[in-house]
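The values are calculated or read from the model by the stated rules, or taken from the named source; none is laboratory data. Since the model is a prediction, treat every value here as computed from it, not as a measurement. Note: ideal-geometry Cβ built from the backbone for every residue, glycine included; neighbour counts use all protein chains shown. The area values use the complete protein model at the heavy-atom level, side chains included, leaving out ligands, DNA and RNA. Shrake-Rupley method; radii C 1.70, N 1.55, O 1.52, S 1.80 Å.
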2 protein chains.
Amino acid sequence: MPAKRPAARRPTMKDIARRAGVSESAVSFALNDRPGVSEVTRDRVRRVAEQLGWRPSTAARALSGEGAATVGFVLARPAHTLGVDSFFLQLVSGIQEVLARRHLGLLFQVARNVDDECAVYRRWWAEHRVDGVLVVDPRTDDPRQDLLDELGLPAVVIGGAPDERHPGLSTVWADDAGAMASLVDALHALGHRRIVHIAGLPGFAHTERRIRALRAEAERRGLTEVQSVTTDYSDAEGAAVTRRVLRATAPATALVYDNDVMAVAGVAVAAELGFSVPADVSVVAWEDSALCRMVKPWLSALSRDSVEFGRTAATELTALLDGGPARTVRVPVPRLIERDSTGAVRTG
Amino acid sequence: MPAKRPAARRPTMKDIARRAGVSESAVSFALNDRPGVSEVTRDRVRRVAEQLGWRPSTAARALSGEGAATVGFVLARPAHTLGVDSFFLQLVSGIQEVLARRHLGLLFQVARNVDDECAVYRRWWAEHRVDGVLVVDPRTDDPRQDLLDELGLPAVVIGGAPDERHPGLSTVWADDAGAMASLVDALHALGHRRIVHIAGLPGFAHTERRIRALRAEAERRGLTEVQSVTTDYSDAEGAAVTRRVLRATAPATALVYDNDVMAVAGVAVAAELGFSVPADVSVVAWEDSALCRMVKPWLSALSRDSVEFGRTAATELTALLDGGPARTVRVPVPRLIERDSTGAVRTG
DNA sequence: GAATGATCCTAAAGCGCATTAGTGGACCAT
DNA sequence: ATGGTCCACTAATGCGCTTTAGGATCATTC
């Protein structure tokens, strides 16, 4: 006979109170390190709780005003760009590390677009589900930040610009402009003058930052054959753009891809068109991952510590939840790892 | 002056009751489609709720016995194998699709190992956080299933074997053995006799299933030079094993990798050692993704619909939560997509 | 014209916890 | 002895919801 649900009952504070011979309130005080009980009683209560395997019911906690002990994370990208991105899993991994330490849960949701994402925030807020959220892929003119302000939902924007007029939101960002500048430096030093930047989704704040930075650098140096092309981050578009660019008369000598996936797709296309990397064209990926060492030649890449990025973001959020002020923190500038896909431009 | 938290109060049923001029219980009946209120009242209450933007507080719901409206998902793999795997994001994507429709939240956590994972389940259960969980990467002799049985926590095992003696758990699985058999069929027809299977983590149920299936097929055909080697799914180990295998005297003519990442790493090593794919060695990836079309030659792969896999699993879990019986459902056998990395064995 | 139901609704209790307002006693000062 | 302070603890309330037990009103029935 298949044993029916043992339905082991979860122990409650009442159980602890009974076993310890004190009132429920005493138990509450004892377990929350509040004054009002003697040390001996506190110890006894703690031991009983431990022994019973008691854990506070998040529902009850949340109901009595303590918050849900949960933070939210919404991923809103076109479905087909989700698959191959190593960044997010790493980011989430770092986030978890910090949250788990404080027993905070991570509520995860994928949405189709920013509007849906906003709806999710509204619902979470109304349902009392999360105490705060982590926002990724901030846009220029982002409706989410206004919404979060309005709801008063603590939030950390990951990858946002520091010039926010949303004083309630924390921001964790990398200096893409600086990274782009030093990248152009490096390429320029190698003799590259025709540079194409295969960017990510237009409207993303960091995409725009990189594009602007590239343009500024080009102007500063008087380079006229430098441009950015936006894509949807997919290998397909990365390949398509590469094809178009390399078929031009006087094709670019350096290609900068906004992610590793497109860069890999790009070198495949280059090879197919008879371009040798890096002899004919240099390739740089803006995101380092195992992928970059899985193709030949190994890809030079701008590397940052995505796990640490996640840790930082989560730390800021917990600070916010603790009542701290909103802050803007900058993570280290991505560093260029030169591997085999970049080289001096062919002379003559 | 920076506007302080507007602290917009969430509307409660009491607000609705007041505005609609009825009691709170009437509101509850009305909104939950329970008998006890007239249609006109029901409509009025619904309208007021709508207008106020009311949503039930999950905390309150959970507290009054309705469950947490949340399911859990723990990912326990060594950190470095997390990064490049496209399978999980797709799986989660499919899971979400089903859960979101019912407004079920997905609580996500990464753990270091199975023991930590068990601890997470215990905590979630004690904290009343989830109504059920989705379990991935089942092992042979898996402590999780016993634990979940013990806790009476509804669960769906994704990728488990169908021969479970855990009648309380649902299982969603793919017929790896069948897929392996047809794969060996195909390779055998191409003339391959020396086949090496670069498998995933030992102890994983599906790893063992594939290994057993390969051995069975080999025996059935009297092939003696067929073997499986386990790895940790990383590109590094995939490359290392490939190197070792191809350096052997009489190296294998066909390599079957348990994921796309290792397969890609493998072809790179093959090229490096002077092996041409597929002329000298055929390569198949057990998992199809954009990756397989990002290298040259394009990789032949066993393809399955991971998003649909996720949908199926989530559907089973919701059925379980609705009080349905535990079931074992099989998803379609992975299909071999023949691209450019497989071919007839070189004669002579 | 009282008993019987059916219908629509309200009152009240309870879920598990935090928190506020007591309560009784020990201990001190007057 | 009287009042005042601490101290360690208990009682009671509320969070937002579901649910059970009733009540009030009205139509039906013999």
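Details
- As a calculated quantity, the FRET efficiency between residue B:102 and residue A:34 at R0 = 45 Å, using C-beta atoms, amounts to about 0.70.
- By accessible area, using a 1.4 Å probe on protein heavy atoms only, the protein assembly as shown has 50% of its surface on carbon and sulfur.
- Rounded to two decimals, the Cα radius of gyration of segment B:293-348 over 2.2 N^0.38 Å is 1.80.
- The order of B:149, B:176, A:340 by accessible area, most exposed first and with a 1.4 Å probe, is A:340, B:149, B:176.
- What the Cα atoms of segment A:212-296 give is an Rg and a Dmax of 12.7, 36 Å.
- Ranked by the mean number of other Cβ atoms within 10 Å of their residues, highest first, the peptides B:118-125, B:45-52 fall in the order B:118-125, B:45-52.
- Put simply, chains A and B cover up around 5300 Å² of each other's accessible surface, both sides summed, when a 1.4 Å probe is used.
- Segment A:16-55: Rg to Rh, with Rh as the Kirkwood radius over Cα pairs: 0.90
- If a spin label sat at a point 7 angstrom from the Cα of residue B:276 along the line to its beta carbon, the backbone N atoms of segment B:327-348 nearer than 17 Å would be those of B:340-348.
- Within segment A:297-348, trypsin sites (Lys or Arg not before Pro) in DSSP loop having at most 14 other beta-carbon neighbours inside 10 Å: A:327, A:346
- For residue B:115, the distances from its label point to the matching points in the remaining copies are 5.1 nm, ordered from shortest, with each point set 7 Å beyond Cα toward Cβ.
- Ranked from shortest, the separations from the 7 Å Cα-to-Cβ label point of residue A:249 to its equivalents in the other copies are 6.1 nm.
- Heavy-atom SASA rank of B:212, A:193 (probe 1.4 Å, accessible area, largest first): B:212, A:193
- Fully extended contour minus Cα-Cα distance, from residue B:244 to residue B:347, at 0.36 nm per residue: 34.7 nm
- Note on segment A:58-202: Rg/Rh from Cα positions, Kirkwood definition for Rh, rounded to two decimals, is 1.05.
- Solvent accessible area, Å² - residue B:188, 1.4 Å probe, full protein context: 50
- Over all Cα atoms in segment B:246-314, the spread is summed up by Rg and Dmax: 13.8, 48 Å.
- Dipole moment magnitude, nearest 20 debye, the protein assembly as shown about Cα centre, only Lys, Arg, Asp, Glu C-beta charged: 1300
- Share of alpha-carbon pairs per 5 Å distance bin for segment A:33-121, given as whole %: 3, 10, 14, 15, 17, 13, 8, 7, 6, 5, 3, 1
- Peptide B:38-49 has a mean shielding of 0, counted as Cβ atoms of other protein chains within 10 Å of each residue's Cβ.
- Helix A:235-247 and the long axis of chain A differ in direction by around 20°, with both axes built from C-alpha atoms.
- Taken along its principal axes, the alpha carbon cloud of the protein assembly as shown reaches lengths of 83, 70, 59 Å, longest axis first.
- Rounded to whole Å, the principal axis extents of the Cα atoms in segment B:99-165 read 33, 24, 22, largest first.
- Legend: mean number of C-beta atoms from other chains within 10 angstrom of residue C-beta atoms, peptide B:88-101, equals 3.
- Based on protein heavy atoms only, segment B:13-55 ends up with 63 Å² per residue of surface accessible to a 1.4 Å probe.
- Contour minus Cα-Cα distance for residue B:64 and residue B:113 (0.36 nm per residue): 14.3 nm
- Comparing the full protein assembly with the isolated chain (1.4 Å probe, heavy atoms, ligands and nucleic acids excluded), the residues of segment B:285-315 losing at least 20 square angstrom of accessible area are B:290, B:291, B:294, B:296.
- q = 0.15, 0.18, 0.25, 0.26 Å⁻¹: log10 I(q)/I(0) that the Debye formula gives for segment A:136-228, counting C-alpha atoms only: -0.62, -0.79, -1.21, -1.27
- Cβ-Cβ FRET estimate between residue B:12 and residue A:150, R0 fixed at 25 Å, reported to 0.05: 0.85
- Calculated [θ] (222 nm, deg cm²/dmol) that DSSP helices of n ≥ 4 give over the protein assembly as shown, each run adding -39,500 (n - 2.57): -13000 deg cm²/dmol
- Here is how far apart the residue B:303 label points are across copies: 3.4 nm, shortest first, using a point 7 Å from Cα toward Cβ.
- Counting Cβ atoms of other protein chains within 10 Å of each Cβ in B:60-73 and taking the mean gives 3.
- Placing a label point 7 Å from the Cα of residue A:340 along the Cα-to-Cβ direction, the residues of segment B:234-270 whose backbone N falls under 20 Å of that point are B:235-247, B:261-270.
- In this view, the solvent-accessible surface of residue A:224, computed with a 1.4 Å probe and all protein chains in place, comes to about 120 Å².
- Across segment A:68-348, Cα-Cα distances exceeding 33 Å account for 25% of all pairs.
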